[in-house]
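Values quoted throughout were computed directly from the atomic coordinates according to the rules given, and no laboratory measurement underlies them. Just so it is clear, the model here is predicted, and its values are computed rather than measured. Note: ideal-geometry Cβ built from the backbone for every residue, glycine included; neighbour counts use all protein chains shown.
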Amino acid sequence: MRILGCLLVLIISVATLSFKLAGRAAYVDAYYQNISEIRQKQSELLELLQQTDFQNTTQRTHFISSLHQLRLKLKAQDFWFRYLEPNAYRKLNGPLPVEWETEVFEKYEPPYRREGAGLSLIEMALEDPHVSKEYISENIYSSFGSLDVFAADSVVQRMRDPSAFYFANRLFLLNLAAIYTTGFECPDSARIVPELRQMMLDVEKLYRQYEQSPGAYLLNPAYWAQYRSALTFLSGQSDAYALFDHFTWIRDHVNPLFRINQQMIREHGVFSRSWMDYTLNDSCGSIFDKRLFSGQQYKGLYGMVEDVATLNEIRSIGKLLFYDPILSVNNQRSCSSCHRPDMYFTDSTVRTALQLDGINRLPRNTNSLVNVVFNHLLMSDGLHTELLQQGKGVIGNPMEMGGRESEVLTKILSCPDYRKAFQKWMRYTPEEKNVTMDHIVSALSIYYSSFSYASAPFDDAMHHRSSIPESAVKGFNLFMGKAQCATCHFVPLFNGIKPPYLSSEFEVVGVPEDTFYLRLSADEGRYKVHPVAEMMHAFRTGTVRNSSYTAPYMHNGVFSSLHQVMDFYNKGGAQGRGLSLPNQTLSSDPLALTSEEIEHLLAFLKTLDESIPKESPPDALPRSGDPSLNSRKIGGAY
Amino acid sequence: LKALNRYIAPLLILISLLPCCNSQRRSAYQFPEHFAPEIKSHYIERAEKGRALYKAYCSDCHGIFTKGKDGVPNFTTTQIDNYQAAALLGIDPRNHAVARKLNQLQVDHIMIFLRFRSKDDK
């Protein structure tokens with residue numbers, strides 16, 4: 001009997017213990033709870049839609065405020081939704097009805113059509129009082145569908161892993177810097193600050209629920225203190241969006257939170273198997289550190305070379321090749337003919353560069369090669385997915401360098417200096433029997449990519465290392481806010497890559513043929529590569545870093561000064577000037593920036609000029625065994 | 001008859017073995033029938049590069065414990081799909097760090113090698 005009793009006690013204690021171990025995760029319960037609340041609110045909104053007369057101002061306002069309530073509920077779970085299934089999220093609160101995307105791991109595939117729906121689109125449609133109720137109900141119904149995705153076991157399973165929390169949190173912090181404060185998915189700017197404040201409170205609750213769950217890795221006290229100070233900062237900010245201090249918000253709150261979160265990722269030893277973290281670097285302590293994410297593998301075939309001395313050798317041969325006109329069919333043009341290393345690797349003296357024939361001009365402005373490694377798609381139209389293809393594309397292009405691969409290679413290898421160097425490095429490429437054009441282009445990209453890792457005064461200011469002028473701070477706040485620049489030029493590279501930095505974006509802004517705005521530039525842009533209606537006249541969003549040095553601007557170099565660029569955007573692009581461009585993605589409403597505000601913006605842009613290492617041409621080019629090649633000029637003839 | 005036994009029989013055996021060697025060489029890769037010859041030779045070229053890369057960077061883990069010399073395991077098609085994803089995504093950062101150093105082209109060589117390698121190729 002006693003033994004039986006002991007056994008019973010043992011069984012009960014084991015049972016309770018195992019129950020405790022497999023205890024319920026409070027944050028997962030809250031997640032389910034929230035989904036059902038959102039679903040409830042959606043149904044209510046659908047009912048309200050039937051009773052609402054949009055011509056009646058009171059009813060309309062009431063409907064919009066219910067919409068805002070629903071979005072607050074949604075934002076409470078943004079933390080998970082965006083991390084777990086970003087494509088389903090587009091149907092809950094997407095910014096555009098159709099987006100075409102090629103993400104970093106979809107490089108082999110044609111772009112994907114991703115349809116958006118949900119609250120932002122409804123709110124934009126409601127600006128028109130004669131909006132059809134069908135359009136609104138369709139949008140609500142598609143968001144019903146994506147809620148089911150978020151409730152699916154396969155999705156929830158991923159968040160049950162306690163490590164996932166830290167990676168979702170990282171994305172949340174990056175979005176706090178790059179998206180939530182710019183109005184990217186919130187058309188009514190009066191709602192931006194109140195929504196942000198509420199979302200931060202909801203996330204605080206989520207943090208607590210996570211910490212109470214079994215197996216959770218606790219947030220450290222430093223993180224909690226920093227988070228509370230961020231909440232205090234937000235409660236001190238006015239609801240008026242125009243007054244929001246983006247600069248202090250990111251420098252003193254978001255970036256320190258990001259740093260501590262990265263530190264916790266390393267300390268807890270958590271790791272991610274999600275493709276959302278593919279490009280992000282766990283050991284980077286700041287959003288404004290260039291090691292934050294990787295866009296291109298710039299070492300080409302020499303990816304396995306880690307040894308610094310060898311890399312330096314490859315880089316110095318790469319430099320010689322960069323200045324060597326041997327790469328062109330007529331031995332008169334080099335990479336540096338257009339990408340001038342003394343001019344931030346572009347040519348700011350011409351609108352578009354000369355063609356190979358030396359008479360005509362190329363259709364597009366030369367892009368700077370500085371920061372090009374932080375792109376997933378290359379060229380203004382995203383033609384290439386990889387630096388190797390891009391390099392070979394230019395060398396082989398009959399309008400640019402016109403070289404046939406085999407001939408160029410023979411010429412290069414006729415120089416003993418080149419031949420010996422590349423043969424020496426053959427052991428790093430076991431798959432290749434002979435030196436190929438890929439080896440040549442790899443050396444080139446190892447050379448010019450090394451100029452992409454410099455920092456700008458703005459980055460230093462974000463790290464509290466130095467300060468920037470007051471007008472530049474004002475300019476940054478305008479950039480993120482009223483001027484709407486940051487809805488396309490995302491923090492921190494200020495190019496078209498937004499967190500989690502997986503794909504390059506294209507925009508249709510309507511660049512004119514000339515500064516008289518008589519007609520649109522005829523260049524079809526992305527449409528040439530990917531012929532769909534949305535992509536007509538679309539171009540890849542470039543970075544605004546180093547803009548003081550990279551004039552002229554836009555794909556055709558139509559604007560010679562930044563003032564002209566500001567004026568173009570201030571008046572709403574092509575549509576704003578009365579030109580017809582039905583698929584323009586830039587708002588056609590004037591921004592109403594004053595000339596003083598434009599000066600602030602320009603002051604901010606100036607702080608994004610990076611101090612890239614000074615570069616001077618090599619003293620001599622390698623001699624060739626073929627005497628006719630030895631008269632070639634360093635950097636090319638034109 | 002002795003002479004026949006001594007010289008001709010081994011010769012006969014050799015001759016009978018020749019097509020064997022030949023067919024083994026030919027069956028290193030298996031391509032769908034609709035592949036045109038020039039496409040096949042292009043793929044073979046890339047697969048051979050993939051083989052070299054595989055030996056250098058993958059076979060330390062995937063292969064050393066199998067019986068074959070090169071020891072390339074016979075991945076199933078699903079596994080190859082998963083590896084393609086893994087290589088492109090770096091989905092398992094602890095084990096596949098090597099895949100992230102390779103460039104797109106090199107990953108592709110390896111996948112072509114794995115996908116079209118015939119199952120009895122060692």
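Our coupling estimate for segment A:175-184, obtained by passing each phi through the Karplus curve with A = 6.51, B = -1.76, C = 1.60 and θ = phi - 60°, is 5, 4, 7, 9, 10, 5, 9, 9, x, 4 Hz, Gly and Pro reported as x.
Are there trypsin sites (Lys or Arg not before Pro) in segment A:257-334 that DSSP puts in a loop and that have at most 13 other Cβ atoms within 10 Å, and which ones? Write down the numbers at each step before the final one.
Numbers: sites: A:R259, A:R266, A:R273, A:K290, A:R291, A:K299, A:R315, A:K319, A:R333; in loops: A:R273, A:K290, A:R291, A:K299.
Passing both the DSSP loop test and the Cβ count: A:R291.
Compute the separation of the alpha-carbon centres of segment A:139-201 and segment A:547-608 and state it in Å as a whole number. Segment A:139-201 and segment A:547-608 have Cα centres spaced 31 Å from each other.
Give me the orientation-averaged projected area of the Cα convex hull of segment A:442-598, in nm², one decimal. Before the final figure, lay out the partial values.
On the way: hull surface 44.1 nm².
For segment A:442-598, the mean projected area of the Cα convex hull comes to 11.0 nm².
From a point 7 Å beyond the Cα of A:V350 in the direction of its Cβ, which residues of segment A:398-421 have a backbone N at a distance under 16 Å? Output list for this probe position: A:398-402. Taking other residues whose beta carbon is less than 11 angstrom from the beta carbon of A:F506, and scoring Lys, Arg as +1 and Asp, Glu as -1, yields -4.
Please sort A:351-357, A:182-188, A:51-57 by packing, taking for each peptide the average over its residues of neighbouring beta carbons within 10 angstrom, highest first.
Details: A:351-357: 17.9, A:182-188: 21.6, A:51-57: 12.4.
Peptide ranking by packing, descending: A:182-188, A:351-357, A:51-57.
In chain A, Cα pairs under 8 Å separated by at least six residues give a relative contact order of 14 percent. Of the residues A:V104, A:H600, A:G542, the one whose Cα sits farthest towards the positive end of the charge dipole of chain A is A:V104 (charges of +1 on Lys and Arg Cβ, -1 on Asp and Glu Cβ, taken about the Cα centre). For the peptides A:385-393, A:494-502, A:139-147, the ranking by mean Cβ contacts within 10 Å, running from highest to lowest, is A:494-502, A:385-393, A:139-147.
Between B:Q30 and A:A222, the simple spin-label model (points 7 angstrom out along Cα→Cβ) gives 5.7 nm.
If I stretch the segment between A:N330 and A:E101 completely, what's the gain in nm (0.36 nm per residue apart, minus their alpha carbon distance), one decimal? Can you show the working numbers first?
Working: separation 229, 0.36 × 229 = 82.44 nm, distance 3.88 nm.
That pair, A:N330 and A:E101, stretches by 78.6 nm at full extension.
Taking other C-beta atoms within 10 Å as the exposure proxy, A:I260, B:I39 rank B:I39, A:I260 from fewest upward. With a simple spin-label model that places each label point 7 Å from the Cα along the Cα-to-Cβ direction, the separation between A:S283 and A:S466 comes to 2.7 nm. Taking 0.36 nm per residue of sequence separation and removing the Cα-Cα distance, the A:E267/A:T436 pair yields an extension gain of 56.4 nm. Amide H to amide H distances under 5 Å link A:F559 with A:Y553, where only residues 5 or more positions off or on other chains count and H is placed in the peptide plane.
Evaluated at q = 0.23, 0.24, 0.26 Å⁻¹, a Debye calculation over the C-alpha positions of segment A:170-235 (equal weights, vacuum) places log10 I(q)/I(0) at -1.08, -1.14, -1.25. The magnitude of the dipole of chain A, with charges of +1 and -1 set on the Cβ of Lys/Arg and Asp/Glu and taken from the Cα centre, is near 1340 debye.
Pop the C-beta distance of A:L46 and A:L243 into the FRET formula with R0 = 30 Å and round what comes out to the nearest 0.05. Calculated value: 0.25. Cα gyration tensor of segment A:140-187, axes a ≥ b ≥ c as square roots of the eigenvalues: rounded (a/c below 1.5), prolate (a/b > b/c) or oblate? Verdict is oblate for segment A:140-187. Note on B:42-55: average number of Cβ atoms from other chains within 10 Å of each residue's Cβ is 2. Here the relative contact order of segment A:505-638, from alpha carbon pairs under 8 Å that lie six or more residues apart, stands at 23 percent.
Rounded to the nearest 0.05, what FRET efficiency do A:E134 and A:S154 give with R0 = 25 Å and r taken as the Cβ-Cβ distance? Could you check? Provide the component values of the computation, followed by the final result.
Numbers: r = 32 Å, r/R0 = 1.30.
Efficiency, rounded to the nearest 0.05: 0.15.
Using only the Cα atoms of segment A:528-613, build the gyration tensor, take square roots of its eigenvalues as a ≥ b ≥ c, and label the shape rounded, prolate or oblate: rounded if a/c is under 1.5, else prolate if a/b is larger than b/c, else oblate. Since a/c reaches 1.5 but b/c is at least a/b, the shape of segment A:528-613 is classed as oblate.
Peptide B:96-108 has a mean shielding of 5, counted as Cβ atoms of other protein chains within 10 Å of each residue's Cβ. When the alpha carbon gyration tensor of chain A is reduced to an equivalent ellipsoid, its three semi-axes come out at 47, 33, 22 angstrom, largest first. With both labels modelled 7 Å from their Cα along Cα-to-Cβ, the A:Y638 to A:S455 distance reads 4.4 nm.
Extension gain, A:S560-A:Q69: 0.36 nm per intervening residue step, less the Cα-Cα distance, totals 172.1 nm.
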